[in-house]
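Asker: Quick one: structure below, then a few questions.
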Amino acid sequence: MAGLLVKRGPGKGSVIQLHSGRAAIGRAPGSDVLLPDRTVSREHAVLVRQDGAWYVQDVGSHNRVLVNGVPVVSSQVSHMDEIRLGSVVLTFLAGESDGEGAVPVAESRTSTEVMQVIPVGVAGGARAQQNRRLNHLLALGGLASVVRTVPALLEGVAQSLESVLEVDRVVLMLCEPDGALRPYLPARHGLSGEAEDAGVPRSLVERALREGPVGARRREGSPGSIACVPVRVGSENLGAIYCEKHGRQDTFGEEDLRHLFSIGVGLGLAVSSMRRQQKLALRTRSLSRQLAEHYDMVGESEAMSRVFRFIHRAAPTEAGVFICGESGTGKEMVARAVHRHSRRSEGPLEVVNCAAIPPALMESALFGHVEGAFTGAVADRSGRFRLAHQGTLFLDEVVELSLECQAKMLRVLEGGRVRPVGGTSDQEVDVRLIAATNREPRAAVREGRLREDLFYRLDRLRVVVPPLRERVGDVALLARHFLEKISLQCKTPVQALSPEALSLFESYDWPGNVRELRNVVERMVIMAETPVLGLDHVPDDIRAAVRDRQGPPDLQQVEREHIERTLRYTDGNKKRAAELLGIDRSTLYAKITKYGL
């Protein structure tokens, strides 16, 4: 059986078996090979087996398909060929029936990040069983490195135990902070609560936690056997693994208990590590939230955390700050945060947009002028440097200054004195300068737009404000923040954004960054007539851009949206909706349940 090894991307290190002669690859739910990565299109490629050979075909993806580094539309793939889809890299593994040297593989259900080990290859007797268990332990080690949550890890362990040890029932239990053992069963059982609720003998579990692995036959009249091993790290018990075999002759042997104990040790280490990482992640998010509130900015992503840490370190100093980043990312907010938390916070903050003032007036705007210096100079006027005395001057889009004005500004920065246009004497200024640009500063120097000596004068402390597309997790946070703020200002009944609208927001690139997001939310709030903003409220150009990027929509998604719109049109009248859709009510009820409407 052929397979795909995930070399880079979601589920790295796992192997996906190809059970049929055709496999759709993409980000859309329902894909045979599901790759939840933003660089992968919803329907990206398809693997097809024809005349004993495998072919990969691009189905109109946004980021193309590359085989061994070469872009292809359709190409045959052989054993160990590398297939790249966006940033995801897969290695094709040919099966024995494909005429290539086959390798043992493990099936990986990437959609839920759950591994189920199915050893390949036939051996005899004890050696076959030993190989099976070794393969199991190796695969579980790979699972622990792939999954990110404790439930996903427990699901994978439970499923693999049922498959490899051929047990009829598995209950995994973890100790909660209150000391209680909470059972976890595979998702299909859907059971939670106390250990007794899962039908697990408390005495057996307590003995396993005290003494180690325990195996026993069931009571008379209940054929089969049961086993329980501790899940522990060192001397600390984190939980237990409980298994049942229901066959009369099929019992847990000593080797089974040893194997279960090994799994318990590995599971304990993995759970302990995940819980520690979860605590660190919660702590990081809490600190990021505190910093964001402290600096009057919104963001919990790692990219914004770096900006907050920069402000924390840079603000108390007297060093100049150079802020880089795309338009709309919030460079002025960073400048205001630096000023507000500096020693100059009691002084003025003067903001100058160098791109908005004509070059002929820029020198007067920065340095001031005296009466009669030029036509229209009817009185002395202080420039922004003087107005920012003992405070902060923020020069936005500093690269747009003329080279002559840059030379004069350099003299002011080096000497701490400014001479107004038409004046004969200098005036002392004490200013902290913060500059910003949406260009790459060194490129501007090479192009002759920014003086090199001024660049080195400005570039003492530099921070890059990340674009919104790199702020993972912040889009929904910002959208909700803007909705709440704008709804209060406009006094509208809008209360929330639907999950579908937020998902579409997160799929959009936001070339205008935070400024564009705010404008879009404001437009949606003003035009809305319902308390919840859904997909229909999102501007057409954004929906079109996401569609173009993701490729054609999934058929089920189209059906779901159509049913949802029809129900909204009929104000929830299902009989009327079924008539408009041309289906009977029982079919409509089934689809409402299916799509969770």
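The values are calculated or read from the model by the stated rules, or taken from the named source; none is laboratory data. Just so it is clear, the model here is predicted, and its values are computed rather than measured. We place every Cβ from the backbone using ideal geometry, glycine too, and count neighbours over all the protein chains shown. Heads up: the accessible areas ignore ligands, DNA and RNA and are worked out on the full protein's heavy atoms, side chains in. Shrake-Rupley method; radii C 1.70, N 1.55, O 1.52, S 1.80 Å.
Asker: Please count how many residues of the stretch 1-49 are more than 22 Å from the chain's Cα centre (by Cα) and β-branched (Val, Ile, Thr). I'd like the intermediate steps shown before the answer.
Answerer: Narrowing the stretch 1-49 to residues more than 22 Å from the chain's Cα centre (by Cα): 1-5, 15-24, 32, 45-49.
Add one more test, that the residue is β-branched (Val, Ile, Thr), and what stays is 15-16, 46, 48.
The qualifying residues number 4.
Asker: Does ARG386 satisfy the condition of being over 16 Å from LEU413 (Cβ atoms), among the charged types (D, E, K, R) and open to solvent by 40 Å² or more (accessible area, probe 1.4 Å)? Steps first, answer last, please.
Answerer: Details: over 16 Å from LEU413 (Cβ atoms): no; among the charged types (D, E, K, R): yes; open to solvent by 40 Å² or more (accessible area, probe 1.4 Å): yes.
Judged against the criteria, ARG386 is not a match.
Asker: Just name the residue that is nearest to ARG275 (Cα to Cα) out of those in the stretch 238-247 that are open to solvent by less than 10 Å² (accessible area, probe 1.4 Å) and over 33 Å from the mean Cα position of the chain (by Cα). Full working, then the answer.
Answerer: Here is the first cut: in the stretch 238-247, the ones open to solvent by less than 10 Å² (accessible area, probe 1.4 Å) are 239-243.
Now narrow it down to the ones that are over 33 Å from the mean Cα position of the chain (by Cα): 242-243.
Numbers: TYR242: 22, CYS243: 24 Å.
If we take residues in the stretch 238-247 being open to solvent by less than 10 Å² (accessible area, probe 1.4 Å) and over 33 Å from the mean Cα position of the chain (by Cα), then TYR242 is nearest to ARG275 (Cα to Cα).
Asker: Right, here's the next one. If you check VAL464, VAL412, which single one turns out to be open to solvent by 80 Å² or more (accessible area, probe 1.4 Å), at pLDDT 90 or above and out of contact with any Lys or Arg (no Cβ under 7 Å at 6 or more places or on another chain)? First the steps, then the outcome.
Answerer: Working: VAL412 fails: open to solvent by 80 Å² or more (accessible area, probe 1.4 Å).
So the residue among VAL464, VAL412 that is open to solvent by 80 Å² or more (accessible area, probe 1.4 Å), at pLDDT 90 or above and out of contact with any Lys or Arg (no Cβ under 7 Å at 6 or more places or on another chain) is VAL464.
Asker: Which residue out of SER222, SER235, SER262 is surrounded by 15 or more Cβ atoms within 10 Å (Cβ to Cβ) and either more than 19 Å from LEU181 (Cβ to Cβ) or at pLDDT below 85 (or both)?
Answerer: Values: SER222 fails: surrounded by 15 or more Cβ atoms within 10 Å (Cβ to Cβ); SER235 fails: surrounded by 15 or more Cβ atoms within 10 Å (Cβ to Cβ).
Result of the check over SER222, SER235, SER262: SER262.
Asker: Give the residue, chosen from GLU371, GLU326, that is at negative phi and buried (at least 18 other Cβ atoms within 10 Å of the Cβ).
Answerer: Details: GLU371 fails: buried (at least 18 other Cβ atoms within 10 Å of the Cβ).
So the residue among GLU371, GLU326 that is at negative phi and buried (at least 18 other Cβ atoms within 10 Å of the Cβ) is GLU326.
Asker: Next question, about the same structure. With the condition kept exactly as written, say whether any residue in the stretch 388-408 is part of a strand (DSSP E or B), more than 25 Å from MET297 (Cα to Cα) and either more than 43 Å from the chain's Cα centre (by Cα) or in contact (Cβ under 8 Å) with a residue 12 or more places away in the chain (or both).
Answerer: So in the stretch 388-408, the residues part of a strand (DSSP E or B) come out as 391-396.
Retained after the next criterion (residues that are more than 25 Å from MET297 (Cα to Cα)): none.
No, the stretch 388-408 has no match at all.
Asker: A further question follows. Show the residue pairs meeting these rules: Cβ distance below 6 Å; 6+ apart or different chains; first residue within the stretch 341-353 and closer than 9 Å to GLN390 by Cβ; second residue open to solvent by 30 Å² or more (accessible area, probe 1.4 Å) and of a type outside the set (Gly, Ala, Ser).
Answerer: If the second residue must be open to solvent by 30 Å² or more (accessible area, probe 1.4 Å) and of a type outside the set (Gly, Ala, Ser), the pairs left are GLY347/GLN390.
This table checks each residue for (1) closer than 23 Å to VAL472 by Cβ; (2) not β-branched (Val, Ile, Thr).
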position	(1), (2)
ILE311	yes, no
ALA314	no, yes
PHE322	no, yes
GLY325	yes, yes
GLY328	yes, yes
PRO359	no, yes
GLY376	no, yes
ARG381	no, yes
ASP396	no, yes
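Asker: Same structure again: Tell me the residue from ARG469, ARG518 that is in a helix (DSSP H, G or I), touching an Asp or Glu at 6+ places or on another chain (Cβ under 6 Å) and not hydrophobic (A, V, I, L, M, F, W, C), please. First the steps, then the outcome.
Answerer: On the way: ARG518 fails: touching an Asp or Glu at 6+ places or on another chain (Cβ under 6 Å).
Only one candidate passes the filter, namely ARG469.
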